[in-house]
1. Take the residues in region 245-263 that are out of contact with any strand residue (DSSP E or B) (no Cβ under 8 Å at 6 or more places or on another chain) and surrounded by 13 or more Cβ atoms within 10 Å (Cβ to Cβ), then tell me which one is farthest from Gly183 (Cα to Cα).
2. Using beta carbons and a limit of 8 Å, which pairs, at least six apart or on different chains, have the first residue in region 99-120 and closer than 16 Å to Gly165 by Cα and at pLDDT below 90 and the second one acidic (Asp, Glu) and in a loop (DSSP other than H, G, I, E, B)?
3. Would a scan of region 69-79 turn up a residue that is among the aliphatic types (A, V, I, L, M), buried (at least 16 other Cβ atoms within 10 Å of the Cβ) and under 21 Å from Ala50 (Cα atoms)?
4. Thr152 passes all but one of (1) buried (at least 18 other Cβ atoms within 10 Å of the Cβ); (2) assigned to a helix (DSSP H, G or I); which number fails?
5. Could you identify the single residue in His160, His170, His127 that is exposed (fewer than 15 other Cβ atoms within 10 Å of the Cβ), at pLDDT 95 or above and under 20 Å from the mean Cα position of the chain (by Cα)?
6. Being basic (Lys, Arg) and either surrounded by 12 or more Cβ atoms within 10 Å (Cβ to Cβ) or not in a loop (DSSP other than H, G, I, E, B) (or both) is the filter here, so list the residues in region 93-124 that pass it.
7. Can you tell me how many residues in region 188-207 are surrounded by fewer than 23 Cβ atoms within 10 Å (Cβ to Cβ) and among the β-branched types (Val, Ile, Thr)?
8. Restricting attention to region 208-227, does a residue exist that is of a type in the set (Gly, Ala, Ser) and either under 24 Å from Trp86 (Cα atoms) or buried (at least 22 other Cβ atoms within 10 Å of the Cβ) (or both)?
Amino acid sequence: MRMSSTVVIVALLLPVAVAARTPAQASAPAAKAASVPAYITKAIADPARAADKQDDVRRQMAAVMAFTGIKPGDSVVELDPGRGYWTRVFSQIVGPKGHVYTVWPNETMKYAAKSLANWKKLVKTPHYANVSLLQEPAAMLSAPRKVDVVFTAQNYHDYHDPFMGPVDMHSFDRQVFEALKPGGVFVIVDHMAPPGSGVSDTNTLHRIDPAVVKMEVESAGFVFDGSSDALLNPNDPLTVPVFDKSIRGHTSQFIYRFRRPAH
């Protein structure tokens, strides 16, 4: 039986495409790109975040927000929000019927006093009336109520480091589990370390092996619910510090979603 020329071409190219994926990329099935709802597009276009917009393409804001599944009326816990890049969009998506609880670990205060001062001003701004500040020990996560989404970007690896405790990750991930409503999701974005490196690079390169994250979070009762390739960079060697000028702002990052079972 003769094959069409199209089939032959696809057959020849397929092994090349598969080989192009790194072992870390291939460790988890990538979720199909989600369409971006209008309420996310509107939130991203908010004039109040004009200074953030220059980073939206590089940080794939729309794709990440769509992957979280966040929607109007949801409640969100964001761990260690930094300058609020993600928070400002969360706030506009969830709207007046939703809420964003931003958690600042006490252990970060000596490194982020200025950022925290700015944050205290932000939560008093009427435009962000649905954003709250929670200052807590890194190892003791609590929220005023159960939420729909817990989100952390480029911070999960920090919880393994000496300055944060280090934190007992099984206990911490279990606290995240308890903070979520049944069916809620825990979304983790972080800098990728080489496969098999475990947590050896968290305090030096500020990277973490995605396989370790998956193992830790699943051990707390979560079900792995997919990944996104939106922030993968095949040109990142994975072996240099994330602040190195050769890669800063362009590290290969994994995006994992874990779900608390509905029952």
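1. Going through region 245-263, the residues out of contact with any strand residue (DSSP E or B) (no Cβ under 8 Å at 6 or more places or on another chain) turn out to be 245-250.
Imposing the further condition that a residue be surrounded by 13 or more Cβ atoms within 10 Å (Cβ to Cβ) reduces the set to 247, 250.
Details: Ile247: 36, His250: 32 Å.
Across region 245-263, the extreme among qualifying residues is Ile247.
2. Thr108/Asp80
3. There is no residue in region 69-79 that is among the aliphatic types (A, V, I, L, M), buried (at least 16 other Cβ atoms within 10 Å of the Cβ) and under 21 Å from Ala50 (Cα atoms).
4. Looking at each condition in turn, Thr152 falls short on (2).
5. Of the residues listed, the single one that is exposed (fewer than 15 other Cβ atoms within 10 Å of the Cβ), at pLDDT 95 or above and under 20 Å from the mean Cα position of the chain (by Cα) is His170.
6. We begin by selecting, within region 93-124, every residue basic (Lys, Arg); these are 97, 110, 114, 120-121, 124.
Correct list: Lys114, Lys120, Lys121.
7. So the answer is 2.
8. If we filter region 208-227 for residues that are of a type in the set (Gly, Ala, Ser), which is where we start, we get 211, 219-221, 226-227.
Now restrict to residues that are either under 24 Å from Trp86 (Cα atoms) or buried (at least 22 other Cβ atoms within 10 Å of the Cβ) (or both): 226-227.
The answer is yes, given that some residue of region 208-227 is of a type in the set (Gly, Ala, Ser) and either under 24 Å from Trp86 (Cα atoms) or buried (at least 22 other Cβ atoms within 10 Å of the Cβ) (or both).
The values are calculated or read from the model by the stated rules, or taken from the named source; none is laboratory data. Fair warning: this is a prediction, and the values are worked out from it, not measured in the lab. Reconstructed Cβ throughout: ideal geometry from the backbone, glycine too, with neighbour counts over all protein chains shown.
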